[in-house]
Amino acid sequence: MSDWVSYRWVTCGVIVAVIFPVLSGFVRQEFKASAAIGLPPWVKKYGALLLLSLITAVICLAGWRSTHPNDALPWFTAFLLGFGWESAIEKLQKKAP
């Protein structure tokens, strides 16, 4: 599998890891009708989420390539890298109590 295909699978894993646990709350709270003209407020919020997911996928793919420079990356491994590493990066962003 090429790096670009692997990157897409890592990205999918990250997105699923972020979206899956909050999906029900997201549907109930974020998709309420907005009185503002233009884009709904959730577009900015989830656009930032998409950007974070893409950056996390680059980090995951770089980590894999640094330790496995000549190995193929199967789609299921790429997906699990994205799913697993998203939580690690999220923990790095939390502030100390």
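Listing for the model above:
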quantity: Selection count, region 58-70, where residues are touching a Phe, Trp or Tyr at 6+ places or on another chain (Cβ under 9 Å) and closer than 13 Å to Ser2 by Cβ; calculated: 1
quantity: Output for region 59-76, where each listed residue is in contact (Cβ under 8 Å) with a residue 40 or more places away in the chain and part of a loop (DSSP other than H, G, I, E, B); calculated: Ala72, Leu73, Pro74
quantity: Some residue of region 37-58 being at pLDDT 80 or above and either assigned to a loop (DSSP other than H, G, I, E, B) or buried (at least 16 other Cβ atoms within 10 Å of the Cβ) (or both); calculated: yes
quantity: Positions within region 49-77 being under 14 Å from Ile15 (Cβ atoms) and of a type outside the set (Val, Ile, Thr), in sequence order; calculated: Leu49, Leu50, Leu51, Leu52, Ser53, Leu54, Ala57, Cys60
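The values are calculated or read from the model by the stated rules, or taken from the named source; none is laboratory data. As the structure is a prediction and not an experimental result, all values here were calculated from the model. With ideal geometry, Cβ positions are generated from the backbone for all residues, glycine too; neighbour counts draw on all protein chains shown.
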